[in-house]
Structures are given as C-alpha cells and as structure tokens.
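S.K.: What follows is a single structure, and I will ask about it in a moment.
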Amino acid sequence: MKNIYIGMSLFNYSDKMQSEYLEKQLHSNVELKTFMPFRDTNEDELEGDNKTKIVYDEDIKRLDSKDLKMMVALYDGICKDEGISLEIGYAFGKGVPIFIINTDFIWYELSKEKYIFDPIIENMCSGYHHYYYINKEKDFFDSLVNSQNKAFSVAGRKIKALIDNVNPIRNIRPIDLDRIDVFIDFGGNKYEYQRELTNWLKKSLSEWGFKVEISQRFFKNNEQLISEKAKNDINNLLNADYFVFLGDEVEVNPGTAALLGLSKSLNKRNIIYESSELEIMGENGHKMKKNLMIDFSVDVITKSKQSTLDYLIRELEVQR
C-alpha cells in the first residue's frame, strides 16, 4: 500500500467535501492508504484545551512516517493556506515527493517571469496539475462537479506516474556554503517595510559579528531568475541555525510558511516576529496567533524588532 498525506484547507464544509472527492479519484488510480487531517485525527470528537496540539502532533507524526510515499496538496486561492504551505515544507525536509493540484485561475508575474505558486513552493514540489476550466453542461452545478472530477482524475494519473518512479525523492542537501547564524525571511522581502526591517536586523546582528542572510526571491534589482533566488533562500535556510520570519500579515507568506516547515523538520530554532495583539479564537476557547500548524512550529514569538534583536543576541552569545 502507498501512504499518501492529503494536505488541504479544512475550515468549512466545501473544503472537506473537496478532499473526499480528491481521495476517491486517487483511489481509482493508485492502490493507496490516505491520511486526511481533521477526518483521520477525529478532530470533531476531540475535547479539552489541548485539542489543537493533539491534531498538530498527529499531522506531524504522519509527515514523519517512513511509510509516507507522497504528499498531495489541493492548493487554491490568492492567499495560499499557510498550514498547507508549512506541511509542504515539512514534507520536503523529510525528502517526501510533493504533488500540488491547483484549480484557480491565478498566476503571477515579476520581471516578465511567470509562476503559479510562491517560488519557494515551486522549488519544493515534484509535480503539479493546474486546471481551472469549466466544462459546459446543461446544469451549471453539474458543470462544476464534472470539471472538478476531471481535474482530480488527471491529477490522479499524474500522481500514479510520479509515485511509480523508482526514486522520486529529492535531494535537500544545501550547496557548499559557509555556516550562517541567522536566516531572515520577511515575506521574501516583497514589500518596502519588509526590506527595511530585514536590513535593519541584518545590519544590527552583523555589528555583533554574526553571519546573517536575508531572503532575496522578490528582489527586482538582481538579474538572477526568481527560481534561482528562491533556491538560494532554501539553501541559506539549510545552512542556518536560526530562522526568523514575519507574521505581520493576515496569513504568513506561503513561501515563508514552507521554509518554516522545512526548518521545523530539521529541528532548527524558529522565531516569529508578530507585533499584533490580535488573537484567533477557536473551539474550546483555544487562542491562536496564526494557523495551528504555524503556532506549534515556532519556538519564540517576538513583538518588536528590538525584542527580536535582543533575543537573538542573547541566544547567539551563549553559543560563542
């Protein structure tokens, strides 16, 4: 039996129904045993204050399993789900092949380069299927259902071809780089405020003699291809002891979340800079800063750039 982890956004009825449709199509193409978060952790039956931690631990246990052959992710929307993104990075860190199914009509362009997912995600996945056309039927609902089934069916065949590959596992070893104390990824430095924060933090840490690298994948002032810059971001993380990332968005940037998953899989030290006092309320009075996969993967939350700097200096001075 082939064990497959299905990564999906599972917050509402339609998300959960889509996951069941996808699983049925996978079963028709591959002899497999699937794991579905929420359903297979009996989340709707769990009680108590530690409910979300139990769910997190069960998900990580499946991603850690030596029997896991592939992760399949349904990955839609402008804001790609930060929890799925983290799972993609974690699976990548364990050498598990990742196949992504995308059924929205969105893609991106930067410096005339086109990409469907964050460049970090594109570097991590082993394959994907992008299908968003609606096959015309008399009834529009039937058109949607049949189109979705077609997308999942084709994806199932591609997944079978990939999983039958003798050695689909990717090599995640870093390239030969000097050891880095801290790697900082504030959303890939897409926005000016992110660049200002990372440059300040890098300069301040460098003055203490620490080696720091910052993410570069969304910098336009560089002739290097986006995919190559993303690959450098991954390698810098692999060579770093500490990973610092930004949580000051509605959701953590998908590439950043994937890097967090990779960092967590390798037992690195993870710090989120999250300056908001807002908390997300869930069942049983559970409070979260972010998606539970993000929350339980971080070691420290800092509330300002100064407290981030102070924490890192204290930590790194001890190791000298």
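The values are calculated or read from the model by the stated rules, or taken from the named source; none is laboratory data. No experiment lies behind these values; they were computed from the predicted model shown. Cβ placement follows ideal geometry from the backbone for every residue including glycine, while neighbour counts extend to all protein chains displayed. Accessible surface is based on the protein model in full, side chains and every heavy atom, while ligands, DNA and RNA are left aside. Shrake-Rupley method; radii C 1.70, N 1.55, O 1.52, S 1.80 Å.
S.K.: Just Val250, Val154, Val72 to compare: in a GNM of the chain, with alpha carbon springs under 10 Å, which one fluctuates most?
M.R.: In the Gaussian network model the winner is Val250.
S.K.: Do the alpha carbons of any pairs in Lys114/Lys138; Lys16/Lys66; Lys33/Lys112; Lys112/Lys289; Lys158/Lys289 sit beyond 32 Å of each other, and which pairs?
M.R.: Lys114/Lys138; Lys33/Lys112; Lys112/Lys289; Lys158/Lys289
S.K.: Would you mind classifying the chain by shape? Square roots of the alpha carbon gyration tensor eigenvalues, ordered a ≥ b ≥ c; an a/c under 1.5 is rounded, otherwise it is prolate if a/b is larger than b/c and oblate if not.
M.R.: Judged from the Cα gyration tensor, the chain comes out prolate (a/c at least 1.5, a/b above b/c).
S.K.: Shifting gears a bit: Among Asn253, Asn50, Asn270, whose mean-square fluctuation peaks in a Gaussian network model of the chain (Cα, cutoff 10 Å)?
M.R.: Result for the chain, Cα springs under 10 Å: Asn50 fluctuates most.
S.K.: Separate question: Please build a GNM for the chain, connecting alpha carbons under 10 Å apart, and tell me which residue among Leu238, Leu144, Leu205 fluctuates the most.
M.R.: Between Leu238, Leu144, Leu205, it is Leu144 that shows the largest mean-square fluctuation.
S.K.: State the Cα centre-to-centre distance between segment 93-144 and segment 191-206 in whole Å.
M.R.: 32 Å
S.K.: For the chain, what is the accessible area per residue in Å² when the probe is 1.4 Å?
M.R.: With the other protein chains kept in place, the chain gives 49 Å² per residue.
S.K.: Per DSSP helix of 4 or more residues, -39500 (n - 2.57); summed, then divided by the residues of the chain. What does that give at 222 nm, rounded to the nearest 500?
M.R.: -13000 deg cm²/dmol
S.K.: Under the rule a/c < 1.5 gives rounded, and otherwise a/b versus b/c splits prolate from oblate, where does segment 34-135 land using the Cα gyration tensor?
M.R.: Note, shape of segment 34-135 comes out prolate.
S.K.: If you don't mind, there's one more thing I want to ask. Between exposed GluC sites (Glu not before Pro) in the chain, where DSSP calls loop and at most 16 other Cβ atoms lie within 10 Å, what's the longest gap?
M.R.: 48-136
S.K.: Another question, then. For helix 51-64, report the angle its Cα long axis makes with the longest principal axis of the Cα atoms of the chain; keep it between 0 and 90° and round to the nearest 10°.
M.R.: 80 degrees
S.K.: Oh, and also: Rounding to the nearest 10 and keeping the result within 0 to 90°, find how far the Cα-based axis of helix 254-265 lies from the longest principal axis of the chain.
M.R.: Roughly 80 degrees, rounded to the nearest 10.
S.K.: How many percent of DSSP beta bridges within the chain run antiparallel, rounded to 5?
M.R.: Roughly 15 percent of the beta bridges in the chain run antiparallel, per DSSP.
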